[in-house]
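Colleague: The structure is given below, and queries will be raised subsequently.
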Amino acid sequence: MPIAGRPTPPRACSAMAAPDGFEAGTQTMANHPLRIVIAGGGTAGWMAAATFARFLETGYEIDLIESDAIGTVGVGEATIPQIHLFNDALGLDEDAFLRATGGTFKLGIEFIDWFKPGRRYLHAFGDVGRDVGLLPFHQYWLRARSLGLAGDLGAYSLNTHAALANRMQRGPARTARTLPSMPYAYHFDAALYARYLRRYSETRGVNRIEGKIVRVTRDGDSGDVSGLVLENGTTVAADLYIDCTGFRGLLIEEALGTGYEDWTHWLPCDRAIAVPSARGEKFTPYTRSTAHAAGWQWRIPLQHRTGNGVVYSSAHMSEDEATATLLRGLDTPAMADPRTITFRTGRRKRMWNHNVVALGLAAGFMEPLESTSIHLIQSAIARLLKLLPGRVIAEADRTEFNRQSDFEYERIRDFIILHYKATERDDTPFWRQCRDMAVPDTLAAKIALWRGNGHIVREHEELFTEVGWLQVLAGQGIVPDGHHPLADAISTADLGEFMDTIDKLNAREAHQMQDHAAFVAQHCAAAPSLAA
């Protein structure tokens with residue numbers, strides 16, 4: 001699904017290479033190995049298993065329980081650049097991984113009709129413009145726009161130029177040393193990615209147990225989970241349990257009663273309908289998000305098919321209407337029947353409770369508008385590795401894990417709410433409700449700071465950077481009242497030349513890049529059987 005702006009890797013995630021002082025294969029446990037059981041497979045389960053297999057080589061036993069009879073949501077197909085940290089930490093070969101998952105490259109997300117019908121913008125990865133002195137580029141852009149000397153913000157983004165031209169390259173810029181490398185993420189088939197990571201994990205010692213969990217037992221004194229009872233009567237016990245059982249939250253919620261913080265008053269969409277369609281002729285290196293009467297529709301190009309889905313509010317649109325909207329918006333013929341997914345945007349009140357850590361959909365659901373789903377799994381795994389307990393789980397470790405998790409979820413939540421709040425659409429009750437709703441104080445402060453003199457402040461290690469916020473604030477039509485006074489120091493003539501030069505450099509670099517479809521075919525073409 002649609003991980004983005006220009007998110008830079010938070011330090012909590014950059015530790016995927018290995019937590020400080022923790023090297024693969026060096027851990028030894030007194031007496032018997034510490035046992036970790038992962039309940040559930042899918043993307044979350046196998047990402048956790050692969051990471052543990054990589055970094056917990058000795059002193060640990062890793063089991064994963066899943067049932068072939070239980071399906072997964074499996075529509076998450078778009079990522080943000082932090083996925084490189086995860087794949088690189090596992091030592092995955094990029095081209096081999098893309099071949100195995102039908103993957104393509106992603107330079108950003110195009111938003112259509114969000115600000116108002118007929119308007120579009122790209123929320124691209126990478127830098128926008130070039131900072132000068134003490135000021136970020138956008139302060140000069142704001143002044144230049146007020147003087148009629150600058151175009152849309154995307155003109156100053158290399159990723160936007162390349163994406164809209166359907167171009168792709170890896171490595172340093174080739175036409176100008178002043179241009180940075182072009183960051184990118186991926187589109188891929190989440191089910192195939194899970195299968196790929198399963199092979200990786202099992203060859204490194206992870207034990208997969210086939211079976212359905214029918215009961216969770218708890219210790220009468222501590223309240224900790226003491227075992228998972230399978231349908232065949234087997235009980236699987238562990239020191240630490242990882243809940244990857246999806247929306248149900250079999251351990252974290254059904255067994256422990258952790259509680260859920262519901263955010264649907266800010267993010268009213270509560271349904272998604274997904275359907276794959278044939279690969280399209282327009283093989284874009286970006287995700288497309290198109291707003292509709294009561295939500296939005298995604299389009300994600302893979303090598304063997306196109307991922308499509310419609311996200312909507314059931315209070316404003318019926319399932320039949322949503323399905324018709326989805327099918328009407330397909331670029332290519334559908335390859336299966338549409339599948340409905342029900343969700344509540346929000347998070348568990350504690351993602352680590354007792355001896356259970358929830359990952360993925362078991363931890364919470366963030367609307368997939370900015371492709372953060374897989375990243376939230378990745379960052380939680382990295383956070384757990386840093387705070388990994390031994391025989392005894394310290395309450396302070398749980399508290400810190402939950403504090404960091406809550407902060408990350410809430411700041412991503414604010415970023416997604418911004419897309420709905422900052423709109424001039426008043427054509428339907430849904431959009432009028434979104435436009436008029438009160439927003440969290442943290443988001444209100446961000447908007448007010450931007451409206452004043454175009455200031456953006458990134459707090460601590462929130463995922464989306466100043467450049468990410470910039471592209472959505474500007475793309476959604478919020479115009480500041482002023483700009484930083486130091487931006488007036490440059491002459492009008494020099495300012496115009498500065499803007500024009502950056503635009504031309506980006507255009508020239510993008511022009512010499514290879515066509516995205518040709519690039520994929522040359523470097524990481526999937527086997528024809530993948531489409532079967």
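The values are calculated or read from the model by the stated rules, or taken from the named source; none is laboratory data. Keep in mind that this is a model prediction, so the values were computed, not measured. Here Cβ is always computed from backbone atoms with ideal geometry, including for glycine, and neighbour counts include all displayed protein chains.
Colleague: Name the one entry in Val216, Val206, Val275, Val225 that is under 29 Å from Leu302 (Cα atoms), touching a Leu at 6+ places or on another chain (Cβ under 7 Å), buried (at least 19 other Cβ atoms within 10 Å of the Cβ) and among the β-branched types (Val, Ile, Thr).
Modeller: Val275
Colleague: Return yes when Leu385 is in the same structural domain as Tyr60 (by TED's automatic domain parsing) and either of a type in the set (Ser, Thr, Tyr) or touching a strand residue (DSSP E or B) at 6+ places or on another chain (Cβ under 9 Å) (or both) and no when it is not.
Modeller: Criteria not met by Leu385.
Colleague: Identify the single condition in (1) part of a loop (DSSP other than H, G, I, E, B); (2) polar (S, T, N, Q); (3) outside the structural domain of Gly40 (by TED's automatic domain parsing) that Thr58 does not satisfy, given that it satisfies every other one.
Modeller: Every listed condition holds for Thr58 apart from (3).
Colleague: Can you work out which of the residues in the range 228-272 that are within 23 Å of the chain's Cα centre (by Cα) and part of a helix (DSSP H, G or I) is surrounded by the most Cβ atoms within 10 Å (Cβ to Cβ)? Working first, answer last.
Modeller: Within the range 228-272, the subset within 23 Å of the chain's Cα centre (by Cα) is 242-249, 252, 260-272.
Filter once more, keeping what is part of a helix (DSSP H, G or I): 246-248, 252.
Values: Gly246: 19, Phe247: 15, Arg248: 14, Ile252: 31.
Filtering first and then ranking leaves Ile252.
Colleague: Could I ask something else about it? Quickly run through the range 500-518 and pick out the residues that are over 27 Å from the mean Cα position of the chain (by Cα) and over 18 Å from Phe105 (Cα atoms).
Modeller: Asp500, Thr501, Ile502, Asp503, Lys504, Leu505, Ala507, Arg508
Colleague: Let me ask something additional. What number goes with the only condition from (1) charged (D, E, K, R); (2) more than 25 Å from Thr287 (Cβ to Cβ); (3) buried (at least 24 other Cβ atoms within 10 Å of the Cβ) that Lys106 does not pass?
Modeller: In the conditions (1) charged (D, E, K, R); (2) more than 25 Å from Thr287 (Cβ to Cβ); (3) buried (at least 24 other Cβ atoms within 10 Å of the Cβ), Lys106 misses (2) alone.
Colleague: What helices (runs of 4 or more DSSP H), lying completely within the range 461-532, carry at least 3 residues that are on the phi > 0 side of the Ramachandran plot and surrounded by 14 or more Cβ atoms within 10 Å (Cβ to Cβ)?
Modeller: On the way: elements: 466-475, 492-511, 516-524.
It comes to none.
Colleague: Regarding Glu497, is this residue farther than 19 Å from Ile80 by Cβ and modelled with pLDDT of 95 or more?
Modeller: Against the criterion (farther than 19 Å from Ile80 by Cβ and modelled with pLDDT of 95 or more), Glu497 qualifies.
Colleague: Out of Ser181, Ser222, I need the residue that is modelled with pLDDT under 95 and either hydroxyl-bearing (Ser, Thr, Tyr) or more than 30 Å from Leu330 (Cβ to Cβ) (or both). Which one?
Modeller: Ser181
Conditions (1) crowded, with 22+ Cβ neighbours inside 10 Å; (2) under 21 Å from Ile377 (Cβ atoms); (3) more than 22 Å from the chain's Cα centre (by Cα), marked per residue:
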| position | (1), (2), (3) |
| --- | --- |
| Ile300 | yes, yes, no |
| Ser313 | no, no, no |
| Glu319 | no, no, yes |
| Asp331 | no, no, yes |
| Gly360 | yes, yes, no |
| Ala363 | yes, yes, no |
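Colleague: Check the range 143-166 and report whether any residue there is part of a strand (DSSP E or B) and of a type in the set (Val, Ile, Thr).
Modeller: No, the conditions are met nowhere in the range 143-166.
Colleague: Scanning the range 433-455 for residues that are among the β-branched types (Val, Ile, Thr) and farther than 18 Å from Pro268 by Cα, which turns out surrounded by the most Cβ atoms within 10 Å (Cβ to Cβ)?
Modeller: So, considering only residues that are among the β-branched types (Val, Ile, Thr) and farther than 18 Å from Pro268 by Cα, the one surrounded by the most Cβ atoms within 10 Å (Cβ to Cβ) is Ile447.
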